[in-house]
Amino acid sequence: MLPEDLVTDRRFQGRVAIVTGAGQGIGRAVAERFAADGGAVVVADLRDATAQEVVASIEAAGGRALAVTADVTKTADTERLAAAALDAFGSIDVLVNNAGILRSTRAAEVTAEEWHLVVDANLTGSFLCARAAYPALKASGHGRIVNMASMAGRATSTLGGVHYTTAKAGVLGLTRHLAREWARDGITVYVRPELVVEVAFNEVQGSTQYPGGVALRFARVKRYRTDKSAAESDTIAAVRGIFERTARS
């Protein structure tokens with residue numbers, strides 16, 4: 001359900017967004033918000049059942065959405081994701097790189113396999129999705145990419161391990177570089193430096209898990225939110241401001 005404190009309108013009519021890790025938590029909240037404001041949404045998640053649930057919720061509210069099962073760490077999946085968006089809706093205007101995972105293993109105990117798992121999901125996946133969506137974002141003339149930040153990107157993670165801290169710092173660098181290089185193509189790349197996100201992950205033995213419960217820290221106002229619905233409301237209000245620039249383009 002959408003937060004009651006945000007009034008919906010149709011400002012994103014005709015716009016198309018891909019949201020990764022959209023099966024629950026922040027990703028779901030952002031996807032539902034964009035749809036409620038008139039946009040079409042591609043709900044991407046590792047798990048088909050959760051993606052389909054979000055699509056059903058959006059469609060029940062009169063919105064348009066498509067579920068795509070995708071692993072953002074795999075090039076073929078990200079290319080298939082972009083192709084599915086174009087096939088279903090004809091364009092891509094916004095990409096929200098929300099998918100990621102967290103492990104809290106101490107540095108000396110992190111295996112090479114676990115290192116690659118966390119770095120690939122949080123950093124490499126954002127790049128692969130951006131690269132796959134690039135032609136369509138360029139063609140739109142007003143493409144927007146939103147990369148979710150974390151306090152780990154500017155300091156160290158209070159929840160995750162060294163691999164998570166490293167990956168989130170990399171997301172900040174990725175955002176700066178793409179913003180500079182792709183500006184000439186009409187693509188604007190955002191990260192929310194004042195909106196620092198820490199995500200509490202549900203562990204699923206033997207599988208990769210996207211965000212569950214959410215807590216947000218706003219560095220500027222030093223406000224800490226542990227209530228899941230309130231945190232999601234804060235997040236979509238911030239991301240909505242980025243979407244509004246797309247609507248006005």
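The values are calculated or read from the model by the stated rules, or taken from the named source; none is laboratory data. From a predicted model like this one, the values you see are computed outputs, not experimental measurements. For neighbour counting, all protein chains shown are included, and Cβ atoms are generated from backbone atoms with ideal geometry for every residue, glycine included. When the accessible area is computed, the model is the full protein with side chains, heavy atoms only, and any ligands, DNA or RNA have been set aside. Shrake-Rupley method; radii C 1.70, N 1.55, O 1.52, S 1.80 Å.
Here Val68 does not fit the description of being farther than 11 Å from Ala40 by Cα, modelled with pLDDT under 95 and assigned to a strand (DSSP E or B). Inspection of the stretch 76-94 finds a residue satisfying the criterion of being over 20 Å from Ser140 (Cβ atoms), modelled with pLDDT of 95 or more and open to solvent by 10 Å² or more (accessible area, probe 1.4 Å).
Counting the residues of the stretch 123-143 that are touching a Gly at 6+ places or on another chain (Cβ under 8 Å), open to solvent by 10 Å² or more (accessible area, probe 1.4 Å) and not hydroxyl-bearing (Ser, Thr, Tyr) gives 5.
Taken over the stretch 1-45, the criterion of being of a type in the set (D, E, K, R) and either open to solvent by less than 20 Å² (accessible area, probe 1.4 Å) or at pLDDT below 90 (or both) is satisfied by Glu4, Asp5, Asp9, Arg10, Arg11, Glu32, Arg33, Asp37, Asp45.
Here are Ala40, Ala61: which of them is farther than 14 Å from Gly125 by Cβ and in contact with a helix residue (DSSP H, G or I) (Cβ under 6 Å, 6 or more places away or on another chain)?
Just one listed residue meets the conditions, Ala40.
For Tyr134, the test of being more than 21 Å from Arg28 (Cβ to Cβ), among the aromatic types (Phe, Trp, Tyr), at pLDDT 90 or above and under 17 Å from the mean Cα position of the chain (by Cα) is passed.
Filter the stretch 105-122 for residues that are open to solvent by 40 Å² or more (accessible area, probe 1.4 Å) and closer than 30 Å to Val94 by Cβ; which is farthest from the chain's Cα centre (by Cα)? Applying the filter and picking the extreme gives His116.
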